[in-house]
Amino acid sequence: MAEPVVRVPDAKVALSTASVYPESTATAFEIAARLGYDGVEVMVWTDPVSQDIEALRRLSDYHRVPILAVHAPCLLITQRVWSTDPWVKLQRAKAAAEKLGASTVVVHPPFRWQRTYARDFVNGIWRMAGETDVRFAVENMYPWRYRDREMLAYAPDWDVTNDDYRHFTVDLSHTATARTEALAMVDRMGDRLAHVHLADGKGSAKDEHLVPGRGDQPCAELLERLAGTGFDGHVVIEVNTRRAMSSAEREADLAEALAFTRLHLAAASADPSPGIHLP
């Protein structure tokens, strides 16, 4: 019988700067460095530092924390960040990623009322992906719900696997809110899965972004699957710490999320390929 080995993929574990809200982008770099994250994903939003390439470069250099991904400003609160034109936003996100050495731009599908943008979104993302080595990883979203009513807020679809994209981001808080099977969605993404937003959820109508392990999503199973397949994208901790009573409590949550992720990315198997042998 083959001796069990631990297989650790090349995937880097990054901290989303959104995970420290309401603290600043700069604080995210500090925490990522102190806790030992491999890098950060910059959420471009209303914090002026998140929009400033030179400021981000200085933070990255000072803390020795690389910027692995840029999340384009796709939220309702960022409608005026980096222009009101969504294609200009994506061009600026691409330029930022290239200048900062990030390999991935995360983008949401358009809101349904952005009709012209939505109509050309799939083809437009393909065009932009052909102009750069940066990956445009389109993220799964969810229907908006209020009581017993549901609104389809995204177009062409909140389930991005229903359209043809070169690269995907899977977000496990969003699968919880959508009440869809996360691993089945990952199967549909196949080898086009380039990026993971790791968070948990319990199926609430609100997008919860719980620390992994505190909800009912298959966070551990997904990480173990990624380890088994040699995933070489990024795993980004994107959790909600707004209810933390102190900076210390927030940091403890982010340390717990990192430990959970590293533990389950080290998947034991009986594969006799080179690895670290278990005692």
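The values are calculated or read from the model by the stated rules, or taken from the named source; none is laboratory data. Here the structure is a predicted model, which is why all the values come from computation and not from measurement. Please note: Cβ atoms are built from the backbone with ideal geometry, for glycine as well, and neighbour counts cover all protein chains shown. Calculation scope for accessible area: heavy atoms of the full protein, side chains included, ligands and nucleic acids excluded. Shrake-Rupley method; radii C 1.70, N 1.55, O 1.52, S 1.80 Å.
Determine the shape class of segment 195-269: with a ≥ b ≥ c the square roots of the Cα gyration tensor eigenvalues, call it rounded for a/c under 1.5, and otherwise prolate if a/b is greater than b/c, oblate otherwise.
On the way: a/c = 2.27, a/b = 1.58, b/c = 1.44.
It comes out prolate by the Cα gyration axes.
Taking all protein chains in place and a 1.4 Å probe, what share, in percent, of the accessible surface of the chain do carbon and sulfur account for? List each step's numbers first, then the result.
Numbers: 6640 of 13050 Å².
Roughly 51 percent, rounded to a whole number.
Counting Lys +1, Arg +1, Asp -1, Glu -1, what net charge surrounds His209 among other residues with beta carbon under 15 Å of its beta carbon? Provide the component values of the computation, followed by the final result.
Values: positive: Lys202, Lys206, Arg214, Arg242, Arg243, Arg250; negative: Glu41, Glu139, Asp171, Asp200, Asp207, Glu208, Asp216, Glu238, Asp253, Glu256.
Neighbour charge sum, excluding His209 itself: -4.
Could you let me know the centre-to-centre spacing of segment 181-232 and segment 30-76, using Cα atoms, in angstrom?
Going from one Cα centre to the other spans 23 Å.
Loop-only trypsin sites (Lys or Arg not before Pro) in segment 129-214, please: DSSP not H, G, I, E or B, and at most 15 other Cβ atoms within 10 Å.
Arg147, Arg166, Arg179, Lys202, Lys206
How big is the Kirkwood radius of the chain, worked out from every pair of different alpha carbons and given in Å to one decimal? Working shown, then result.
Numbers: mean 1/r = 0.0524 Å⁻¹.
Computed over the chain, the radius equals 19.1 Å.
Cross-link partners among lysines for Lys89, C-alpha distance below 16 Å, same-chain residues fewer than 8 apart left out?
Within the straight-line limit of under 16 Å, Lys89 reaches these lysines: Lys99.
Evaluate the relative contact order of segment 7-266 (contact order divided by residue number), counting alpha-carbon pairs under 8 angstrom at least 6 apart; express in whole percent. Intermediate results must be reported in sequence, preceding the final value.
Values: 533 pairs, mean separation 53.0, N = 260.
That works out to 20 percent.
I need the helices of the chain that pass two filters: whole DSSP H segments spanning 18 Å or more by Cα along the axis, and mean Kyte-Doolittle score no lower than -0.5.
Working: long enough: 86-100 (21 Å, -0.45); 247-265 (27 Å, -0.04).
Those that clear 18 Å and a mean of -0.5 are 86-100, 247-265.
Suppose every Lys and Arg Cβ carries +1 and every Asp and Glu Cβ carries -1, with no other charges. What dipole size does the chain come out with about its Cα centre, to the nearest 20 debye? Spell out each step's value before the answer.
Working: 31 positive and 39 negative charges, 148 e Å.
Magnitude of the dipole: close to 720 debye.
Sorted by packing (mean other beta-carbon atoms within 10 Å per residue), highest first, where do 223-229, 74-80 land?
223-229, 74-80
Check which residues have an amide H placed less than 5 Å from Val236's amide H, if you skip close sequence neighbours.
Under 5 Å from the amide H of Val236: Ala14, Val196, His197, Leu198.
Across every pair of different alpha-carbon atoms, what Kirkwood hydrodynamic radius in Å does segment 143-258 reach?
The answer is 15.0 Å.
Please calculate how many Å² of accessible area the chain carries per residue, with a 1.4 Å probe and no DNA, RNA or ligand atoms counted. Could you put the intermediate results ahead of the total?
Details: 13050 Å² over 279 residues.
With all protein chains present, the chain gives 47 Å² per residue.
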